[in-house]
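A short reminder: the numbers here are calculations on the coordinates, not readings from a lab. None of these values were measured; they are calculated from a predicted model. Don't worry about glycine lacking a Cβ; one is built from the backbone with ideal geometry, like all the others, and counts go over all protein chains shown.
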Amino acid sequence: MTSHEALAELIGRMESRQPAGPPCLDPWCGTTRNPCGHTPDAHMAHHGARAILAGQAEQHAHPATLAATAITGVILDEDTPPPSTVAEMRTALKDYDDNRPRSMQTTLGPSELGTPCQRQIAYKLSGATRQVINAPKWAAMQGTAMHALMEDVLGFHNGQLGRPRWVIEQRVDVDDEIGGAGDAYDADHALVVDWKYVGVTTLRKVRRKTVPVEQLVTPDYRVQAHLYGYGHERAGRPVRWVRLVLLARSHDYDDSAEWTERYRPEIAIAALDRYYATQDLVAALGLPGSGLFGAVPARPGDACQWCEFRRPGLAADASGCPGNTDDKIDKQMAGLIA
C-alpha cells in the first residue's frame, strides 16, 4: 500500500465515525445499540429542551398498546369503579421523571453550585448513594412544565417582534467542565433571566424591603443567576443585569414577583473556586469509600428537608447526612423550656 493509499484509508475511517445526520431526540442514545453519534449537548442544542422532553414522552409510549386501547379498551369490572387514576399516575410520574435526561445526568450544573452546603456538593461529586424517594418530584416537574411554557411564549414574542430579542434555552458554558441551558437572555437590556415557579412563602420573602437585596433570595438561586450570566458573557454577549422571575404557583399571574441585581462575575468565580476545591477535598479524603463526609463543612438549614442525602439520626458518613436534625431538636427544646 502506498502512502497516498494509506492516507486515503485513514481519512475514510475518520469520516465513517462522523454522525451521518442530525441528532436524534434521545440525548443518551450513545448507551443504546443504535447511537446517532452526537453528544448529549449536541442533542440539546439542536432540538431544545421542549422537543427533547416530548421525544422522551413519546419514547415511553408503546404505539401498539395505545392503538389497541383506543379501539377496544379493557373493562375489568362493569360494577366497580376503576382503580384510582391519581394513584396510578403517582407511579407513572415517578418512573417518567426517573428516566428524564436531567434526572439521569451525573455532572453538576449551575443550579447545584450555589448551595451553601459544601458537604452536599461533596456527596454529589463523590457519587455517593442518594436516599430513595418513592414519590414524584412534583414541584420540580411543575417547574419543568412552566419552563417549557415560557420557552414557547418567548419564541412567540420573538415572532411578534420580528427579531430575536430573546435568546431562549441556549447552552452556555461557565467553564470547560460546567455548563447548562440558560432559561433566557434579553438582548435589549443585556439581562439574564432565570424562571422560578414558586409558592407564597418564597414570594413573601422576596417582597421584604428591610433586608439587603442579596438576602431576598436563597444563595443557590442568586449564585445560579450569576453563573448563567458568566456563561452568557463567555459566549460573547454583554451582561449588565441578572434577574430571577418568580412565577406564582397560584391562580393569579399578578402574584408573581422578580428579583434583580447588577451582574457580578466575582460571585460566579467564587462558586467555581469552591467547586474545584471540593473536588480536591473529595479526592484527598478518599470519598465516598472512606466515609469521612463529616470532615466536609456543612450548612444545616431548612433546605435540608429537600436534600437527597439527608439521613437523620446518625453522624455523616457514606450512607447520608443528618442534616438539620440538631437544629430542630434545639428549637423544640427551647420551646419546651420557654
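Ratio of alpha-carbon Rg to the 2.2 N^0.38 Å globular estimate for region 270-315, to two decimals, please. If you can, show how the numbers build up before the last one.
Values: Rg = 12.1 Å, N = 46, 2.2 N^0.38 = 9.4 Å.
Working it through for region 270-315, the quotient is 1.28.
I want the local charge near Pro116. Using Cβ-Cβ distances under 9 Å, sum +1 for each Lys or Arg and -1 for each Asp or Glu among the other residues.
Result for the neighbourhood of Pro116: 0.
Taking the number of other C-beta atoms within 10 Å as the exposure measure, put Leu25, Leu113 in order starting with the fewest.
Leu25, Leu113
Using a cut-off of 12 Å between beta-carbons, work out the net charge of the residues near Asp280 (Lys and Arg +1, Asp and Glu -1, Asp280 not included).
That works out to 0.
From the P(r) of region 116-338, can you give the percent of Cα pairs sitting at distances over 24 Å?
Of all Cα-Cα pairs in region 116-338, 55 percent lie more than 24 Å apart.
Give, rounded to the nearest 20 debye, the magnitude of the charge dipole that region 92-240 has about its Cα centre when Lys and Arg contribute +1 at Cβ and Asp and Glu contribute -1 at Cβ.
Charge dipole of region 92-240: 660 debye, to the nearest 20.
Listed highest first by mean packing, meaning other Cβ atoms within 10 Å per residue, what order do 135-142, 164-171, 217-224, 251-258 come in?
Details: 135-142: 14.0, 164-171: 18.1, 217-224: 21.1, 251-258: 11.2.
Final packing ranking: 217-224, 164-171, 135-142, 251-258.
Please order Thr129, Thr201 by the number of other Cβ within 10 Å, starting at the fewest.
Numbers: Thr129 13, Thr201 8.
With the fewest neighbours first, Thr129, Thr201 line up as Thr201, Thr129.
Going by how many other beta carbons lie within 10 Å of each one, how would you line up Thr80, Thr91, fewest first?
Going from least to most buried by this count: Thr80, Thr91.
Measure out, as a whole number of angstrom, how far apart the alpha-carbon centroids of region 253-319 and region 169-236 sit.
Value for the Cα centre distance between the two parts: 18 Å.
Just add up the charged neighbours of Leu246: K/R +1, D/E -1, any other residue whose Cβ is under 15 Å from the Cβ of Leu246.
0
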